[in-house]
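Enquirer: First the structure, then my questions, so here it is.
Just so it is clear, none of the values below were taken in a lab; they were calculated from the coordinates. Please read all numbers here as calculations on a predicted model, not as lab measurements. Every residue, glycine as well, gets a Cβ built from its backbone with ideal geometry; the counts of neighbours run over all protein chains shown.
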Amino acid sequence: MTNHSAPLQKLQFETASEHYTSKVPIVCPEDLAGPLHAGLVGHQFDTVDEIVVCAATGRLEGLVNIEDLLAASDHTPLTALMD
């Protein structure tokens, strides 16, 4: 039996810097799900898969998955949704 598959092509690796963006939603840990959800409407971001949660100092506190945000009640604190 002969294998007539195409020859393998050389892999091209990408770097993390090629995917870097700062055009993402950034919120505070004290925020609630409802206002965040409403605040996303009408804005364009490079991605909303994860919402960045930062302290007032700019320190990363966690991430909120968009799936979790959409399933949460309006009064759910983001700290309850953060990874």
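Enquirer: In debye, nearest 20, what is the charge dipole magnitude of the range 23-80 about its Cα centre with +1 on Lys and Arg Cβ and -1 on Asp and Glu Cβ, if you could check?
Expert: On the way: 2 positive and 9 negative charges, 36 e Å.
That gives a dipole near 180 debye.
Enquirer: Please label the shape of the range 23-80 as rounded, prolate or oblate, based on the square roots a ≥ b ≥ c of the eigenvalues of the alpha-carbon gyration tensor (a/c under 1.5 means rounded; beyond that, a/b larger than b/c means prolate, else oblate).
Expert: Judged from the Cα gyration tensor, the range 23-80 comes out oblate (a/c at least 1.5, b/c at or above a/b).
Enquirer: Need one number: nm distance between label points at LEU60 and ASP83, each 7 Å from Cα along Cα→Cβ, rounded to one decimal.
Expert: 1.1 nm
Enquirer: Next question. Considering only DSSP beta bridges with both partners in the range 23-80, what is the antiparallel share in %, to the nearest 5?
Expert: Among the beta bridges of the range 23-80, antiparallel pairing accounts for roughly 75 percent.
Enquirer: Taking the simple approach of a point 7 Å from Cα along Cα-to-Cβ for both GLU30 and GLU14, what is their distance in nm?
Expert: 3.8 nm
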